[in-house]
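K.L.:
Input: one structure, supplied below.
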Protein chains: 4
Amino acid sequence: MQRGKPERIGFGVVGAGTIGRVHARNIAARRDAELRWIVDVDVSRGRALADAHAARFTQSIEEMLADVSVHAVVIGSSTDAHEQHVLATVGARKALLCEKPIADRLDRATRCVAAARAAGVIAAIGFNRRFDASHRAVFDRVRAGEIGNVESIHIVSRSFEATPPPLAHRAGGMLREKGTHFYDLAFWLAGSEPVEVYTAGDCLFDKGYAQYGDVDTAAITLRFASGALATMSFSRRTSYGYDEMIEVFGARGMLQSERQRRGAVSFYSGETIARDGIHPSWYDRFAPTYVAEIDALIAAVRTASPFEPSLVDGMRAQAVAEAAVASLAAGKPIPIAAVWQPT
Amino acid sequence: MQRGKPERIGFGVVGAGTIGRVHARNIAARRDAELRWIVDVDVSRGRALADAHAARFTQSIEEMLADVSVHAVVIGSSTDAHEQHVLATVGARKALLCEKPIADRLDRATRCVAAARAAGVIAAIGFNRRFDASHRAVFDRVRAGEIGNVESIHIVSRSFEATPPPLAHRAGGMLREKGTHFYDLAFWLAGSEPVEVYTAGDCLFDKGYAQYGDVDTAAITLRFASGALATMSFSRRTSYGYDEMIEVFGARGMLQSERQRRGAVSFYSGETIARDGIHPSWYDRFAPTYVAEIDALIAAVRTASPFEPSLVDGMRAQAVAEAAVASLAAGKPIPIAAVWQPT
Amino acid sequence: MQRGKPERIGFGVVGAGTIGRVHARNIAARRDAELRWIVDVDVSRGRALADAHAARFTQSIEEMLADVSVHAVVIGSSTDAHEQHVLATVGARKALLCEKPIADRLDRATRCVAAARAAGVIAAIGFNRRFDASHRAVFDRVRAGEIGNVESIHIVSRSFEATPPPLAHRAGGMLREKGTHFYDLAFWLAGSEPVEVYTAGDCLFDKGYAQYGDVDTAAITLRFASGALATMSFSRRTSYGYDEMIEVFGARGMLQSERQRRGAVSFYSGETIARDGIHPSWYDRFAPTYVAEIDALIAAVRTASPFEPSLVDGMRAQAVAEAAVASLAAGKPIPIAAVWQPT
Amino acid sequence: MQRGKPERIGFGVVGAGTIGRVHARNIAARRDAELRWIVDVDVSRGRALADAHAARFTQSIEEMLADVSVHAVVIGSSTDAHEQHVLATVGARKALLCEKPIADRLDRATRCVAAARAAGVIAAIGFNRRFDASHRAVFDRVRAGEIGNVESIHIVSRSFEATPPPLAHRAGGMLREKGTHFYDLAFWLAGSEPVEVYTAGDCLFDKGYAQYGDVDTAAITLRFASGALATMSFSRRTSYGYDEMIEVFGARGMLQSERQRRGAVSFYSGETIARDGIHPSWYDRFAPTYVAEIDALIAAVRTASPFEPSLVDGMRAQAVAEAAVASLAAGKPIPIAAVWQPT
């Protein structure tokens, strides 16, 4: 795009579901961007979203991609449509942000990564947590050497309300759906490629997940090329809110991205101090990350700079997920190289 | 205004200074409101703000008030113009939100309160802290009886960067400018009329305030009709951010609206745990309160309901401020009744 | 006493009440000290305490003072006997630790201070809070200049269970009994002589205190020669434990001796995080200070060094207490010089 | 022993090393117990410890065991002597507290457990952390059902100063020496037998451990019969103190035994709040647990009640340790049943 006068970045959003609506709203609220198109197979919800933001609607991604005023495309369609949408966008040589996972199979994801690389377009993966201010501050400080060599990482991720088994299965199961965010965070913080993963897991509160080979509770051990070890404690539900916490331990100190609270009130009474608890939901906790993600994307598009996390990061996390699923089934650690090699 | 279909609430903003810009931006960002006019004596800054939000500009408040599509007026002009702007708005029978103080003299403020009451319009005072989520949660829980009878309150308010003495003087001095927010919060939380105030204060880091009879550090004791006691610790600057904290102590417990932090990172190293500090500035800490305040104003206008805090609350806080100033000069406690009686 | 081989320091404890028992137990538990005598008018409780620690008992302070193996005397008798016991101990040229207040009247306290000074003996006042590890760390860091010039101090002191009015009256009332500890802490932390005190107070939960001119709730403002201001929030009871907290605010930062908790358990459930509350009682919170106080006294006796806090500190705090009581009665600030001048 | 009048419990302490001295001091300080004998092969250190507490010294455990006034024996000798000392004590039908591990080989430990069971004596294992007030409060609340079914546990244990490799090897390596405490805590909190363990580990800061097959950093996954999963993050050293923390997550909430701090001071300055860090050493953090452990032992001896944790608990933890070591070597999870079956 042209430099000089700060043109507004034109956006198309593919998929008018939950995440598409979040992105559409965030793009529409910006002065330096313009939401131009909503693309969806479902006319009703697609048109409603377009109307809400004075954007145009189409069922055809090609129609949107043909618009030269569209500079960037957010792909929030259903996972089985991702490959088609990524390849079309790459073919049109537009920047893209694809929600994770890149595709529902590793071979399809590999094709997407290769195509984006060949085209040289900005190809972002929607790992929004990298844009959490506290997670990122930890990353920046780790990279700046504040804790020296990273030796271990611990991540807690416990959702508030469990996705029912069939729906959870359609989303790929906990080790894929939830897991990819955290495999990526661990890689990012460790600054080293993952080499092996071990998964222990079980259905502790809902046996319904078992029929899909899925679990509701898992403990992951991820080993990196540097020797660093990450442990992860996953659960599909808590009684107390959306629980996420990261600790990075190194030779010279430990950095923690703390549990965050929904409010700042403490009540002293009797034998306890009752403090406002953690955020009730994922969205309450992480809404600002979607704004920051779009912010970073616009900056990258404007300056034609690379964007991280990219599809390669999405690919790596998907590979770890496949290895984690294999580990759960096999009852032993699985090398990442058994499913994927970074190129 | 009409009910039935949810008309957008039309706004005029008087004053294109810092606070006017905050309100203009917040109003413009809403779907249920429309920023229609910016009024300012300064054409340049007024027109710039109007243009930024596609609003109209005028130097004449009357022109704006004549527009029937304006339902509510935010008065953020200079304090010496407040009386004129309040009376004009009341005369036009529009809802208003007046930044504090209502006026630069108690008699003028009294006239404003009387006029608004006589007209029966919504007349809000800009005590935005009442809309802080944590302060309000404390209020709601106090009112719900969680701590029983309120016995004492402690408020810390320390700004980050000191206003230079001449500017601080023009704003009325610390006991008025900063103080009114907290006299109002204390009244609100105590649920009782203030009866007496004692001020101790001094210039501990900048003697320049002394030539205006002002101080940079103060300790306030405010006594309420209920017998409850509030203490306040004020400073014009800290080395560590914008410091605000409230404790309300009662017969059955203590509620605290805690110091809030700019981030959620902890660094364990050596003999300390270094946690992200408090917000660097007033605006970082309280930006959301201005959004909530406009939210509440729109709701009140839409439903023709009374709004709190009202000009009466502004009047009370101004009266406490005058008594606090008098106490500092006299070196002894001063009854609020010496300067004002609630009617 | 002799140097060279580390002789054990011999102690007499006068008064076998609560505080006498605390001191006796702490002295008896040491390897570098020996509890030799218990003195009490009450034979039964005195002998019981002596027997418990294999010490000797007497009703006569003179008999104890005649024992050359007694190097230090802890005076924990009733307040009206303090003057006699201090003067006798000073006359015997033994080191002493007198529980506060020095005496029940300022003139008597003055005589004690003068006698101790003339004799040149170690004459400690029992302000145990100066030996709290966190309070002292704050003091050390303030003195080391970490926060620059001290501008303000805030102290919370709220007891857990209210002393009944008649008993509270016999102990001198809240402004004396509780207050002296905190007037002293504020002086110590401010590093400056107190010049004026203002007391606001009331009976908010038990009107029974009023008949003795006492209150159950008070807000104190103490002004120091340096200009620094201390505020204090006192209550006779809480519903949630023994509440003590200190903040010292200065030009370059703020140091806080935090509320301390009875345990380190957090319970995440529903919308709150319920953390273990503060200590249930004064003794749970401050037991270690009595050990540290005796430790410091033994060190001072062994090295013939001055001890702080001394009777002069006790005198100062008593004077502030008298001024605070006068302020409550008069409804205005009272200069400390009106009741006492440091010499 | 006799009931009725509260006889003092007589103790013999075997081993005058670090832990023996801790126990000797704690026993000697009690009024309800008496330290009667110190047993050690090293006359010099043994006699010194005996003299310090006015106890008798012998090199012969039999001489001590022949004393009918000895009711309980604390075995803190070197690990290779434990079997002999446990069997002798059991033979004398005295209560015993054996420091962990029970013995240097599982078969020897098994013999000790069997002998103690056959004799019906109180046979305690020195898992002092079970007596930490906060850990125990978590246990009590878990047992009381506050968090419902236990689903996962996370334990952090990072020592402050790394034991040098040769010494660490002599103590059994990190997975045994450090690990047994935490395998036991996890079992205790899960309320279920461990069934499988997976260990990932490496030498990240000192390759010297590798020559002994040991590591300096480890991540453990322990699976229980109930399905619950425990993860553990171990390190041999931190830059910031002795780091121990436990989280127990269940169906209805999460209980945390928090990191504890060495002091209660916060320093607000610049962009951070610097709080007093965690305890510098293991002993600063856990000294009170040794007192509580002896307390519990005395109570059990006095009332002839069973004691937990017992040698069976010690046996289980040792078995998990052997499986953890085997897992590290094999690079895959190892069933506990492969090394031990509870009987």
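K.L.:
Out of all the residues in region A:264-277, is one or more surrounded by fewer than 20 Cβ atoms within 10 Å (Cβ to Cβ) and within 29 Å of A:SER192 (Cβ to Cβ)?
P.N.:
No, every residue in region A:264-277 fails to be surrounded by fewer than 20 Cβ atoms within 10 Å (Cβ to Cβ) and within 29 Å of A:SER192 (Cβ to Cβ).
K.L.:
Quick check: anything in region C:297-304 under 20 Å from C:ILE153 (Cβ atoms), more than 7 Å from every other protein chain (Cβ to nearest Cβ) and among the aliphatic types (A, V, I, L, M)? Can you show your working first?
P.N.:
Step one: list which residues in region C:297-304 are under 20 Å from C:ILE153 (Cβ atoms), which gives none.
No.
K.L.:
Of all residues in region A:117-142, count the ones that are at negative phi, away from chain B (no Cβ under 14 Å) and of a type outside the set (Phe, Trp, Tyr).
P.N.:
Qualifying residue count, region A:117-142: 11.
K.L.:
For region A:144-183, how many residues are part of a helix (DSSP H, G or I), touching a residue at least 60 places away in the same chain (Cβ under 8 Å) and crowded, with 21+ Cβ neighbours inside 10 Å?
P.N.:
7
K.L.:
Considering only residues that are touching a helix residue (DSSP H, G or I) at 6+ places or on another chain (Cβ under 6 Å) and hydroxyl-bearing (Ser, Thr, Tyr), which ones fall in region C:136-160?
P.N.:
C:SER157
K.L.:
Given (1) under 21 Å from the mean Cα position of the chain (by Cα); (2) more than 27 Å from D:ARG25 (Cβ to Cβ); (3) in contact (Cβ under 8 Å) with a residue 60 or more places away in the chain, identify the lone condition not met by C:VAL70.
P.N.:
(1)
Table: residues versus (1) more than 7 Å from every other protein chain (Cβ to nearest Cβ); (2) in contact with a Leu (Cβ under 8 Å, 6 or more places away or on another chain).
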site	(1), (2)
A:LEU229	no, yes
A:TYR240	no, no
A:ASP243	yes, no
A:GLU247	yes, yes
A:GLY253	no, no
A:ARG261	yes, no
A:ARG275	no, no
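K.L.:
Answer yes or no as to whether B:ILE102 is assigned to a loop (DSSP other than H, G, I, E, B) and surrounded by 22 or more Cβ atoms within 10 Å (Cβ to Cβ).
P.N.:
Criteria met by B:ILE102.
K.L.:
List pairs: first in region B:191-219 and away from chain C (no Cβ under 11 Å) and outside any strand (DSSP E or B), second surrounded by fewer than 20 Cβ atoms within 10 Å (Cβ to Cβ) and modelled with pLDDT under 95, Cβ under 7 Å, 6+ apart or cross-chain?
P.N.:
Matching pairs, first to second residue: B:GLU193/B:PRO342; B:TYR212/B:HIS169; B:ASP214/B:HIS169.
K.L.:
Which of the residues spanning region A:226-235 are assigned to a loop (DSSP other than H, G, I, E, B) and buried (at least 22 other Cβ atoms within 10 Å of the Cβ)?
P.N.:
Within region A:226-235, A:ALA228 is the sole residue that qualifies.
K.L.:
May I ask you to list the residues in region A:166-209 that are modelled with pLDDT under 95, of a type in the set (A, V, I, L, M) and under 17 Å from the mean Cα position of the chain (by Cα)?
P.N.:
A:ALA168, A:ALA171
K.L.:
Does region D:147-169 contain any residue that is within 21 Å of D:ASP40 (Cβ to Cβ) and away from every other protein chain (no Cβ under 14 Å)?
P.N.:
yes
K.L.:
While we're looking at this one, here's another question. Please name all residue pairs, on different chains or six or more residues apart, with Cβ atoms under 6 Å, provided the first residue is in region D:37-53 and is within 18 Å of D:ASP80 (Cβ to Cβ) and the second residue is aromatic (Phe, Trp, Tyr).
P.N.:
Listed by first residue and then by second, the contacts come to D:GLY46/D:PHE57.
K.L.:
If you go through region D:27-55, how many residues are more than 19 Å from D:LEU97 (Cα to Cα), of a type in the set (D, E, K, R) and buried (at least 16 other Cβ atoms within 10 Å of the Cβ)?
P.N.:
Residues in region D:27-55 being more than 19 Å from D:LEU97 (Cα to Cα), of a type in the set (D, E, K, R) and buried (at least 16 other Cβ atoms within 10 Å of the Cβ): 2 in total.
K.L.:
If you don't mind, there's one more thing I want to ask. Looking at (1) buried (at least 21 other Cβ atoms within 10 Å of the Cβ); (2) modelled with pLDDT under 95, which is the one condition that is false for B:TRP282?
P.N.:
The number of the failed condition is (1).
K.L.:
Right, something else. Taking C:VAL265 as the residue in question, decide whether it is more than 16 Å from C:GLU151 (Cα to Cα), of a type outside the set (S, T, N, Q) and facing another protein chain (nearest Cβ under 7 Å).
P.N.:
Yes, satisfied.
K.L.:
Output the strands (runs of 3 or more DSSP E) that fall wholly within region B:236-329 and possess 2 or more residues being in contact (Cβ under 8 Å) with a residue 24 or more places away in the chain, or say none.
P.N.:
Details: elements: B:243-250, B:253-257, B:265-269, B:272-276.
Here the list reads B:243-250, B:253-257.
K.L.:
Could you list all residues from region D:132-143 that are touching a Phe, Trp or Tyr at 6+ places or on another chain (Cβ under 8 Å), in contact (Cβ under 8 Å) with a residue 60 or more places away in the chain and part of a helix (DSSP H, G or I)?
P.N.:
Once the filter is applied, which keeps residues that are touching a Phe, Trp or Tyr at 6+ places or on another chain (Cβ under 8 Å), in contact (Cβ under 8 Å) with a residue 60 or more places away in the chain and part of a helix (DSSP H, G or I), region D:132-143 yields only D:ARG141.
The values are calculated or read from the model by the stated rules, or taken from the named source; none is laboratory data. Please read these numbers as outputs of a predicted model, since none were measured by experiment. All Cβ positions, glycine included, derive from the backbone under ideal geometry; neighbour counts span all protein chains shown.
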